[in-house]
Amino acid sequence: MSRPAPAGTSRPAPPTDPADLELLDAAALLRARELSSVELTDACLRRIEEVNGGEPTFEGAPEAINAWVRLYPDLAREYAARADERLARHGDGAPLVCGIPLALKDLYGMKGLPLTASSRVLEGNVADEDAVAWARLRDAGMVPLGHTHTHEFAAGGTTDQVGNPWALDRVAGGSSGGSAAALAARMVPAALGSDTCGSLRIPAACCGVSSIKPTHGRIPIGGVLPLAASLDHAGPMARTVADCSALLAALAEGGPEPSALMPPPVPTGELPLAARPGSRPLEGITVALSDRPKSMKVEDEVQSAFESARRACAELGARVVELDSPWTFDWDDLSAVLFGDAWEYHSRHAERHELYRPAIAEFVEVARNFTDAQAYIGAQRRRAEGTAAWEGWFAANGVDFLLEPTLPITPYGRGPGYDRGHAGGPGDPMIALTALWDMTGMPVVTLPVKWNVAVSLIAPRGLEAPLVQAGIDLQERALPIPSAP
């Protein structure tokens, strides 16, 4: 991938500390040769040393962010030096993300390096291949700083070993909690996460950063440790939607992967990197609000932020309508899919069961009993029917995007997320609004309204480009990212 910087934008002045740069700002300086990748990488490594709360640990500590599982400073500097050589040779012909430091969730394989899913079950495991997503970013010249913590095996929404940079006693969300915390604390400008029931969007909402959950299959999951393969989505995280878009473009460059459950998404086309001009960039767009949030308790702070987002859509020119939703999944069907897929992977670790954290041991014990092929096939069929119902709903009502709170709650207290009884499921507010969009495989842009509240825009499968454009317009014209913690 090779893209120019957004038309009509000027290069930012180099900051006092390059670690404070957003991805696109850093890319502009790198391409202008006003900043080197080595300098940017060293700045990020210094920031990590200053704010992470000490060396990475397995359990974390109350006074530490502890976003990282492992850091690779020597490797990062090697990649940065190669990126600088590439930028010197090719200039604007180099990929836009060339030289940009990256955090990888500890599910993404990097050949020859440890891969542990933040679990002692995989202690000593070394990846024997590069994940497809990482290989694409590697080939685009990105610089790997290290692996970030996940809620163990991505099977939860809290990542309790990680402290929220805005309030260390609050959860960072999960399962991509380490990536979100590293972004919020400005340790890195770009990160990879994954999403099975909300794991890109939950930590984005908890930490005041942005994410894009692409259409299912948009980014191949080969080489990524699975939670539930037919639900898993690989995706980008950054502080801004525009930065996520630049990262998504590089991730999607090699095309989607086929799926036995859903057709591969159509090509994305050119992904936007800047807001549209004018005061009403959403003119001609219909944004719907559904009745889904009314079925659950929504905190007052979340409701107030959601109303701000609704007003912002209208002020930017969108027609805002309220409609009943056409379908929601049965929790038994989600369980059949999630646990059936999960046991297919975790059955290989049966002899190391005592090494799981308690809540994940409980999750795996439940998954062991989901071996009913008839129930699994029926759940997948109803999932496909529900996806078709939602796509028909968008078309029949002339709706471009659906706007929802990402979570009905603000981040709660950090600590017990790995205790038994915290394995999630029906009634878990962390996935109450997010899980539907993994069942349908539809793309979702999540952007913060406050550091602890986010909203999500949802579109039919394959429509990332207009969805991302609307997210950028909303963020840059009305809902700016929160200041650094």
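The values are calculated or read from the model by the stated rules, or taken from the named source; none is laboratory data. Predicted model only: the values in this text are computed from it and were never measured. Positions of Cβ are generated from backbone atoms using ideal geometry, with glycine treated the same way; all protein chains shown enter the neighbour counts. Protein only, heavy atoms only, side chains kept; ligands, DNA and RNA dropped before computing areas. Shrake-Rupley method; radii C 1.70, N 1.55, O 1.52, S 1.80 Å.
Under 7 Å by Cβ, and 6 or more places apart or on different chains, what pairs join a residue from the stretch 263-274 that is assigned to a loop (DSSP other than H, G, I, E, B) with one that is open to solvent by 50 Å² or more (accessible area, probe 1.4 Å)?
The qualifying pairs are P264/P256; P264/P258; P265/P256; A274/T9.
Which of the residues belonging to the stretch 311-334 are within 24 Å of the chain's Cα centre (by Cα) and either closer than 19 Å to G278 by Cα or small (G, A, S) (or both)?
A312, C313
For the stretch 449-480, which positions are part of a strand (DSSP E or B) and within 17 Å of the chain's Cα centre (by Cα)?
V449, V453, A454, V455, S456, L457, I458
Filter the stretch 62-95 for residues that are without any contact (Cβ under 8 Å) to a residue 60 or more places away in the chain and among the basic types (K, R); which is surrounded by the fewest Cβ atoms within 10 Å (Cβ to Cβ)?
R89
Could you tell me which numbered condition L30 fails, if it satisfies all but one of (1) under 24 Å from V241 (Cα atoms); (2) free of Cβ contacts under 8 Å to residues at least 12 places away in the same chain?
(2)
I'd like to check something: does the stretch 321-337 contain any residue that is open to solvent by 50 Å² or more (accessible area, probe 1.4 Å), modelled with pLDDT of 95 or more, not hydrophobic (A, V, I, L, M, F, W, C) and not in a loop (DSSP other than H, G, I, E, B)? Can you show your working first?
Narrowing the stretch 321-337 to residues open to solvent by 50 Å² or more (accessible area, probe 1.4 Å): 322, 324, 326-328, 330-332.
The next check asks that each one be modelled with pLDDT of 95 or more; those that pass are 322, 324, 326-328, 330-332.
Pick out the ones that are also not hydrophobic (A, V, I, L, M, F, W, C) and you get 322, 324, 326, 328, 330, 332.
Among the residues that remain, those that are also not in a loop (DSSP other than H, G, I, E, B) are: 322, 332.
Yes, because at least one residue in the stretch 321-337 is open to solvent by 50 Å² or more (accessible area, probe 1.4 Å), modelled with pLDDT of 95 or more, not hydrophobic (A, V, I, L, M, F, W, C) and not in a loop (DSSP other than H, G, I, E, B).
Out of the stretch 262-279, which residues are β-branched (V, I, T) and open to solvent by 70 Å² or more (accessible area, probe 1.4 Å)?
V266
All but one of (1) open to solvent by 40 Å² or more (accessible area, probe 1.4 Å); (2) under 30 Å from M442 (Cβ atoms) hold for E365; state the number of the condition that does not hold.
For E365, the exception is condition (2).
In the stretch 96-140, which residues are open to solvent by less than 10 Å² (accessible area, probe 1.4 Å) and not hydrophobic (A, V, I, L, M, F, W, C)?
Passing the criteria: G99, P101, K105, D106, Y108, G109, S118, S119.
Filtering the stretch 1-54 down to residues that are among the polar types (S, T, N, Q) and closer than 25 Å to A133 by Cβ, which residue is modelled with the lowest pLDDT?
The selected residue is S2.
Can you find a residue that is touching an Asp or Glu at 6+ places or on another chain (Cβ under 9 Å), β-branched (V, I, T) and part of a helix (DSSP H, G or I) anywhere in the stretch 361-370?
no
Could you figure out which of (1) among the hydrophobic types (A, V, I, L, M, F, W, C); (2) surrounded by 24 or more Cβ atoms within 10 Å (Cβ to Cβ); (3) closer than 18 Å to P448 by Cβ isn't true of A154?
Only one criterion in (1) among the hydrophobic types (A, V, I, L, M, F, W, C); (2) surrounded by 24 or more Cβ atoms within 10 Å (Cβ to Cβ); (3) closer than 18 Å to P448 by Cβ is unmet by A154, namely (3).
State all residues of the stretch 179-197 that are touching a residue at least 60 places away in the same chain (Cβ under 8 Å), farther than 19 Å from R46 by Cβ and under 11 Å from the mean Cα position of the chain (by Cα); if no residue qualifies, say none.
Within the stretch 179-197, S179, L192, G193, S194, D195, T196 meet the criteria.
Examine the stretch 249-261 for a residue that is surrounded by fewer than 21 Cβ atoms within 10 Å (Cβ to Cβ) and among the hydrophobic types (A, V, I, L, M, F, W, C), and state whether such a residue exists.
yes
State whether the residues of the stretch 385-396 include one that is modelled with pLDDT under 95, open to solvent by 40 Å² or more (accessible area, probe 1.4 Å) and either touching a strand residue (DSSP E or B) at 6+ places or on another chain (Cβ under 8 Å) or part of a helix (DSSP H, G or I) (or both).
The answer is no, given that none of the residues of the stretch 385-396 is modelled with pLDDT under 95, open to solvent by 40 Å² or more (accessible area, probe 1.4 Å) and either touching a strand residue (DSSP E or B) at 6+ places or on another chain (Cβ under 8 Å) or part of a helix (DSSP H, G or I) (or both).
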